[in-house]
């Protein structure tokens, strides 16, 4: 069992996160947020704040720091604060106070008076559905509306009308916050026109690129350092407001600046997951064979339309074999904080709707929901020719049913004392993606090898993966690998996002290792080298020729070199023209609902996953457990309550509920391991996000099994299950 | 948090002689100071004042500074009280929070805690944001047009049920008040939550001896299994003789602006057989007079169900 390399540092408090850095002369920034959802700032009176003890400066849209909105291919344009007087959501950053101490900045921030010219705000997704717009194309360029029809079928409606059994229902999911332990924060230091920023993020090179554009600097004038990240989940992809403002204020003031959001500010001054409404219609044969699937989706977005939560594209587009498919995606711009990537964007809320609807169809057909899913197993996405590279979902269900005791799920309800007991199941799918990645390998004279890329390990275990794949590729023990991450000066790769880092960086490591070994054996045979002119081979960290061998360190020392440095680059390629790729899973949940007071509690859960080769079993299990717990949280606890004025009624950890230990029973995770070398040379597919997919539906389906009550929204709370 | 002056009196007399805000466990005061909801200029840390001790020689007597965790762990403490304590907050908070401070804890109404929103309790006359706002967690009993915030304490519910009294000290002397009478309905003065006079200090919490209080329990219903306030809770005690209820105590939490004593439910239980049918009949009157809000109408049903569940658990020892 391999323990992650950074674990001892983290549990002992030795790990230094972004905001843990401090410098001589450092000052502190504190944000002021708007208290209206829509309008214009007429005036701001910072007089009292500016004369408060220790205050150096108060930046406002009237007296601002110059920042240009950066735009990168992956993210699109990123909003930068304090550049105009428009307020488009409650809790928008409108001023930044810098003082000698944190307390002085915070107290002065309370003295900034803002006068607004308020305008009517639209803050409710339900009320905004009439103003919905067709969504822009997805990140992969896919259109917002997709229809696949069998020859001779006129429309999806005709296919549904011709279906012997039809289920139609509307589902909704709440807006959420990533709620990472580490609040968004940054420490910015300038030296001779160059900026160094310490800030938790998902890719240091992208943070450096965004800051360089925002501050009008040459790309190499920004050094982003990101050694540890206290959770990201998609919420630390874009550069944060504290990072932009700390960097700009530090330049203006000539002092290092530290800025961190308070927990309450994290809920609005960052970005979250959109609320969704989804209408599903399933048409089937009496034996369960799907004839038609229609999935219409709406999500909210901010007025800048910064992100689409693609619920039908993330699920119904690919999950089941159906001859007729229609999916649509619309967005409803609201006066709410921006939305962004959040663990399984699209798939998580989308699977609540689709997998609840599949369960409803199973109930209507009187069919076992696993049997219904297996019956509609797909060999390729509907309307596509490219078959799945490696898919063992039916095996996941078979093993899961056996481990979970699914066969003992009796018809009707079971009880245990005063608790009603039910079981639910759902499919989990997440696309297997890769991003271009470059990894550097440096063989060193001291017999160690550095494996380095700029990306991040926000708890995913990438640092350990670098070490394990590096050791395997260089044929040396893992304790001789020095893995490095989280520095924008390292080769660009290993961004934490899209469940891609292991497959992307892992493949690049293999390529870099091959190159390093090639150069090493060439070096060994060079004129004047120990194996001059010989046919040199490499194994076990040594070069061999003529019946002799040397370690790579000995060779480097012998030729008077301290190191040998190479990079390897990988990117999606030809495989994309041959197969479709995804990870698969079967989620099982047992729920208890109290007969009298109707609390729903999860008593058992199991996920069986097909994610290709598993590099680090322990970290992989932890990832999936965490994802599954996220799903429980979405199903039973988590959701921001939006008030008419755009305020989040529960925007703090006292009232935005996440499960505590007592809510989570033992989590069983099982893998079917089929290395997917058609996808990448390492054979691993992503597993950072799939754990949360399907869980909310499995809970809702278990609640239905226990109580007979079908709840079509999450979170499910007590009042949903009270019958009087 | 604003700068403040901190002093630490060591006797009750010293504490009463100094104007300021008392700090015991700090789990409410410091929290609300961080949010700028409370901005005392002078804080009196009373933790060195000798107000500790658990005396079980005649009923129960707790020094006001006794920690929640210590009372919860004491074997002689009536079950409704210890369970209410154990279902409160977290172990870390229970290790800090005092019993006296617990009874004075402020509401969890999110508008009270957010200085950017109107709140009559925090800023009299500014209006009540919860009346038409997010009010799922709010009260259905004892509310007014000025305030619908619940009282947040669990143990206060158990203590109200079990006829607890408070000993209070002030500059003039001492006095004793029934906990039930101590709490005040919001009316049009929601900032006044209780009968504590300026500068007055709770010194002791007293629970009268009643042998059948050993037959008591506390049930708490909430949105997660731990570390969360009650949507609804019930403290019940029954004196059952030959299958008939001779006497009963019932109070509810999470539904009232104060810990909610339910004498009508007690009356309905007295003389009735200790059966589910009796419990349901008695619980049926629990929400009489309730004024549900937009988001919390379910509490009417939940209150009755919680009382029935608590009574059943007490008599059948059934499910947890």
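Keeping to segment B:101-125, report how many residues are closer than 25 Å to residue B:54 by Cβ and surrounded by 24 or more Cβ atoms within 10 Å (Cβ to Cβ).
Looking only at that region, the number is 3.
I'd like the full set of residues that are part of a loop (DSSP other than H, G, I, E, B) and either farther than 26 Å from residue A:341 by Cβ or out of contact with any helix residue (DSSP H, G or I) (no Cβ under 7 Å at 6 or more places or on another chain) (or both), limited to segment A:239-286.
If the condition is that a residue be part of a loop (DSSP other than H, G, I, E, B) and either farther than 26 Å from residue A:341 by Cβ or out of contact with any helix residue (DSSP H, G or I) (no Cβ under 7 Å at 6 or more places or on another chain) (or both), then A:240, A:254, A:255, A:256, A:262, A:267, A:268, A:270, A:271, A:274, A:285, A:286 are the ones that fit.
Matching residues to (1) part of a helix (DSSP H, G or I); (2) touching a residue at least 60 places away in the same chain (Cβ under 8 Å); (3) within 14 Å of chain A (Cβ to nearest Cβ):
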position: B:27; (1), (2), (3): no, yes, yes
position: B:31; (1), (2), (3): yes, no, yes
position: B:44; (1), (2), (3): no, no, no
position: B:51; (1), (2), (3): no, yes, no
position: B:82; (1), (2), (3): yes, no, no
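Could you say whether any residue in segment A:353-368 is in contact with a helix residue (DSSP H, G or I) (Cβ under 6 Å, 6 or more places away or on another chain) and within 30 Å of residue A:304 (Cα to Cα)?
no
In the set A:691, A:627, A:646, which member is assigned to a loop (DSSP other than H, G, I, E, B) and buried (at least 19 other Cβ atoms within 10 Å of the Cβ)?
Going through A:691, A:627, A:646 in turn, just one is assigned to a loop (DSSP other than H, G, I, E, B) and buried (at least 19 other Cβ atoms within 10 Å of the Cβ): A:646.
Quickly run through segment B:231-244 and pick out the residues that are in a loop (DSSP other than H, G, I, E, B) and within 11 Å of chain A (Cβ to nearest Cβ).
B:231
Against the conditions (1) under 25 Å from residue B:112 (Cβ atoms); (2) away from chain A (no Cβ under 14 Å); (3) touching a residue at least 40 places away in the same chain (Cβ under 8 Å); (4) assigned to a loop (DSSP other than H, G, I, E, B), where does residue B:37 fall short? Just the number, please.
Result: residue B:37 passes all but (2).
Scanning for something over 30 Å from residue A:497 (Cβ atoms) and assigned to a loop (DSSP other than H, G, I, E, B), does segment A:399-408 turn up at least one residue?
Yes, that holds for at least one residue.
For segment A:428-453, which residues satisfy the criterion of being over 19 Å from the mean Cα position of the chain (by Cα) and in a strand (DSSP E or B)?
Passing the criteria: A:438, A:439, A:440, A:441, A:442, A:443, A:444, A:449, A:450, A:451, A:452.
Name the single residue that is nearest to residue B:100 (Cα to Cα) among those in segment B:139-167 being assigned to a strand (DSSP E or B) and touching a helix residue (DSSP H, G or I) at 6+ places or on another chain (Cβ under 9 Å).
B:166
Could you list, in sequence order, the residues of segment B:205-237 that are touching a residue at least 12 places away in the same chain (Cβ under 8 Å), farther than 29 Å from residue A:601 by Cα and surrounded by fewer than 24 Cβ atoms within 10 Å (Cβ to Cβ)?
Scanning segment B:205-237 gives B:206, B:207, B:208, B:209, B:210, B:212, B:214.
Scanning for something in a strand (DSSP E or B) and within 13 Å of chain A (Cβ to nearest Cβ), does segment B:280-303 turn up at least one residue?
So far as segment B:280-303 goes, no, none of its residues is in a strand (DSSP E or B) and within 13 Å of chain A (Cβ to nearest Cβ).
If only one of A:589, A:602 is in contact with a helix residue (DSSP H, G or I) (Cβ under 6 Å, 6 or more places away or on another chain) and within 14 Å of another protein chain (Cβ to nearest Cβ), which one is it?
A:602
Inside segment B:113-137, can you point out the residues that are out of contact with any helix residue (DSSP H, G or I) (no Cβ under 9 Å at 6 or more places or on another chain), within 13 Å of chain A (Cβ to nearest Cβ) and in contact (Cβ under 8 Å) with a residue 24 or more places away in the chain?
The answer is B:115, B:130, B:131, B:132, B:134, B:135, B:137.
Sort through A:619, A:635 and tell me the only one that's away from chain B (no Cβ under 14 Å), part of a helix (DSSP H, G or I), within 19 Å of the chain's Cα centre (by Cα) and under 25 Å from residue A:459 (Cβ atoms).
After ruling out the rest, the residue left standing is A:619.
Condition check ((1) buried (at least 16 other Cβ atoms within 10 Å of the Cβ); (2) within 14 Å of chain B (Cβ to nearest Cβ); (3) under 18 Å from residue A:338 (Cα atoms); (4) within 34 Å of the chain's Cα centre (by Cα)) across all residues:
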| site | (1), (2), (3), (4) |
| --- | --- |
| A:109 | yes, yes, no, yes |
| A:113 | no, yes, no, no |
| A:135 | yes, no, yes, yes |
| A:138 | yes, no, yes, yes |
| A:143 | no, no, no, yes |
| A:146 | yes, no, no, yes |
| A:161 | no, no, no, no |
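Go through B:65, B:16, B:86 for me and flag whichever is under 21 Å from the mean Cα position of the chain (by Cα), at pLDDT 95 or above, away from every other protein chain (no Cβ under 14 Å) and over 30 Å from residue A:107 (Cα atoms).
B:65
Return the total of residues in segment A:22-39 being surrounded by fewer than 21 Cβ atoms within 10 Å (Cβ to Cβ) and either within 14 Å of chain B (Cβ to nearest Cβ) or within 27 Å of residue A:247 (Cβ to Cβ) (or both).
6
Select from segment A:364-382 the residues that are crowded, with 19+ Cβ neighbours inside 10 Å and touching a strand residue (DSSP E or B) at 6+ places or on another chain (Cβ under 7 Å) and write down the one among them that is farthest from residue A:585 (Cα to Cα).
Per the criteria, the residue is A:365.
Inside segment B:245-265, can you point out the residues that are out of contact with any helix residue (DSSP H, G or I) (no Cβ under 8 Å at 6 or more places or on another chain) and assigned to a helix (DSSP H, G or I)?
Listed by number, the residues that qualify are B:263, B:264.
Given B:308, B:250, B:219, B:258, which one is under 19 Å from residue B:152 (Cα atoms) and within 14 Å of another protein chain (Cβ to nearest Cβ)?
Criteria check complete, one pass: B:219.
State the number of residues belonging to segment A:488-527 that are outside any helix (DSSP H, G or I) and out of contact with any helix residue (DSSP H, G or I) (no Cβ under 6 Å at 6 or more places or on another chain).
Adding up the residues that qualify gives 11.
Take the conditions away from every other protein chain (no Cβ under 14 Å) and either touching a helix residue (DSSP H, G or I) at 6+ places or on another chain (Cβ under 9 Å) or not in a loop (DSSP other than H, G, I, E, B) (or both) and apply them to residue A:702. Does it pass?
yes
Which residue out of B:76, B:92 is surrounded by fewer than 19 Cβ atoms within 10 Å (Cβ to Cβ) and either on the phi > 0 side of the Ramachandran plot or outside any loop (DSSP other than H, G, I, E, B) (or both)?
B:92
The values are calculated or read from the model by the stated rules, or taken from the named source; none is laboratory data. A quick note: this is a predicted structure, and the numbers were derived from the prediction, not measured. No Cβ is skipped: glycine too gets one built from the backbone with ideal geometry, and neighbour counts run over all protein chains shown.
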